[in-house]
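The values are calculated or read from the model by the stated rules, or taken from the named source; none is laboratory data. Note that this is a predicted model, so its numbers are computed, not measured. We place every Cβ from the backbone using ideal geometry, glycine too, and count neighbours over all the protein chains shown. Surface areas here come from the heavy atoms of the whole protein model, side chains and all, with no ligands, DNA or RNA. Shrake-Rupley method; radii C 1.70, N 1.55, O 1.52, S 1.80 Å.
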Amino acid sequence: MSEGRSNAGSASAPTVLRMILGRRLQERRQGAGVSLDDAARALRVTPLTIRRLEKAEVTLKPLYVEKLLETYGADRQERDEFVAFAERANEPGWWHTYRDVLPTWFSAYVSLETGAKTLRTYEPHYATGLLQTREYARHVLSGGFPNDSDEDLERRVNLRLRRQVLLERSDAPTLWVVMEEAVLHRVVGGPEVMREQIERLLEASELAHVSVDVVPFTAGAHVGVCAPFTYFRFAEPELPDVVYTEVLSGAMYLDQRSDVVAHLEAHNRMSLLTSDAQSRALLNRMRKEYS
């Protein structure tokens, strides 16, 4: 592992770091001509465990990493570098302190979001979480978690707002939001809350790294009339693009090329159904309606 590649993920989230490490371990194994079966015998585990390690589906124990690198013929310096990388990848992310109100299936999302270079979202129901105001977020979350205590609800709101800090980083990711006009008509929290939320969307759309496209009702039926999804792309070349999509009781993370391409093409097609000028005009009109 060269110094440049080691530093490439230094600011990334733990799950992203594990993905990088898994890919590099796979590259190192294949480069050494070691089969999955041989690697499994070295750790006294099954070949499936090695595959899961390489796909970052399980925690990469430093002892496992060192033993694998030894099996692949790595020298001491390289083994030490990989082990240090594994230890950093296993450190909890900042969101760990919110684990009591963070659904297990959403924890990976926050990690991917924190480590991504590009985020593309499709939102048919609500303003995207990264651009929600506090009051709008509170009403959205109270509807989604109706049995929460006031304390838990406030923690969920704080978690959502804490996620938004990534847009203020010097290396902030590019955020491209495509949302349905229906989002602007769904009255969340009342007219004042909606007006503030629309103002927030307008302000964000002026940032160089943020785009907000609103697909108007007049666009009719289109390819994206489906569940919300987020597409992630990373700076690290060894990482695949990932798509996240939600269902009522959980979520799916897709990295098969065909699935990712289908969602990327849908996002591209939907963005052509409007323009920056049309989107801003629609946002301004709806802001006036809520005034």
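If the viscosity is 1.306 mPa s and the temperature 10 °C, what translational diffusion coefficient in µm²/s does Stokes-Einstein give for the stretch 181-277 when Rh comes from Kirkwood over Cα pairs?
Rounded to a whole number, D works out at 102 µm²/s.
Taking Cα atoms, how many degrees apart are the long axis of helix 276-289 and the longest axis of the chain, rounded to 10 and kept between 0 and 90?
50 degrees
Give the aspartates and glutamates whose C-alpha is closer than 17 Å to that of Lys117, dropping any in the same chain fewer than 8 places away, or say none.
Those aspartates and glutamates meeting the cut-off are Glu168, Asp171, Glu236, Glu238, Asp241, Asp255.
What FRET efficiency comes out for His185 versus Ala221 if R0 is 22 angstrom and r is the Cβ-Cβ distance? Round to the nearest 0.05.
Numbers: r = 18 Å, r/R0 = 0.81.
So the FRET efficiency works out to roughly 0.80.
Could you give the angle, 0 to 90 degrees to the nearest 10, between helix 191-205's Cα long axis and the longest principal axis of the Cα atoms of the chain?
Value to nearest ten degrees: 50.
With a 1.4 Å probe and all protein chains kept in place, how do Tyr64, Tyr136 rank by accessible area, largest first?
Tyr64, Tyr136
Compute the orientation-averaged projected area for the stretch 14-82 from the convex hull of its Cα atoms and round it to one decimal in nm².
Values: hull surface 15.7 nm².
Its Cα hull, projected and averaged over all orientations, spans 3.9 nm².
Once a ≥ b ≥ c are taken as the square roots of the eigenvalues of the Cα gyration tensor of the stretch 145-228, is the result rounded (a/c under 1.5), prolate (a/b larger than b/c) or oblate (a/b not larger than b/c)?
Verdict is oblate for the stretch 145-228.
Simple spin-label model, 7 Å along Cα-to-Cβ: Ser142 to Ser249 in nm?
Roughly 2.7 nm, to one decimal.
Once you place label points 7 Å from the Cα toward the Cβ at Arg195 and Ala172, how far apart are they in nm?
2.6 nm
Ignoring ligands, DNA and RNA, what percent of the accessible area of the chain is carbon or sulfur (1.4 Å)?
49 percent
If I model the chain as equal point scatterers sitting on the Cα atoms and use the Debye formula, what is log10 I(q)/I(0) at q = 0.15 Å⁻¹?
Evaluating at q = 0.15 Å⁻¹ gives log10 I(q)/I(0) of -1.15.
Summing -39500 (n - 2.57) over the DSSP H runs of n ≥ 4 in the chain and dividing by its residue number, what mean residue ellipticity at 222 nm do you reach, to the nearest 500 deg cm²/dmol?
-16000 deg cm²/dmol
Estimate the FRET efficiency between Ser275 and Leu48 by the formula 1/(1 + (r/R0)^6), using the beta-carbon distance for r and 41 Å for R0, to the nearest 0.05.
Calculated value: 0.25.
Can you classify the stretch 85-191 as rounded, prolate or oblate using the Cα gyration tensor, where a ≥ b ≥ c are the square roots of its eigenvalues, rounded means a/c under 1.5, and otherwise it's prolate if a/b beats b/c and oblate if not?
Because a/c hits 1.5 or more and a/b fails to exceed b/c, the stretch 85-191 counts as oblate.
So in the chain, what percent of DSSP beta bridges are antiparallel if you round to the nearest 5?
55 percent
So if we plug the beta-carbon distance of Glu70 and Arg162 into 1/(1 + (r/R0)^6) with R0 = 45 Å, what FRET efficiency do we get, rounded to 0.05? Intermediate results must be reported in sequence, preceding the final value.
Values: r = 40 Å, r/R0 = 0.89.
For R0 = 45 Å, the calculated efficiency reads 0.65.
How about Lys67: which aspartates and glutamates have a C-alpha closer than 16 Å to its C-alpha, ignoring those fewer than 8 places off in the same chain?
Filter leaves Glu27, Asp37, Asp38, Glu54, Asp75, Glu78, Asp80, Glu81, Glu87.
I want the local charge near Leu273. Using Cβ-Cβ distances under 11 Å, sum +1 for each Lys or Arg and -1 for each Asp or Glu among the other residues.
Result for the local shell: -2.
GNM on the chain, C-alpha springs below 10 Å: top fluctuator among Ser170, Ser271, Ser211?
Ser170
Report the net charge of residues surrounding Met19, where surrounding means a beta-carbon distance below 12 angstrom and charges are Lys +1, Arg +1, Asp -1, Glu -1.
Charge balance near Met19 sits at -2.
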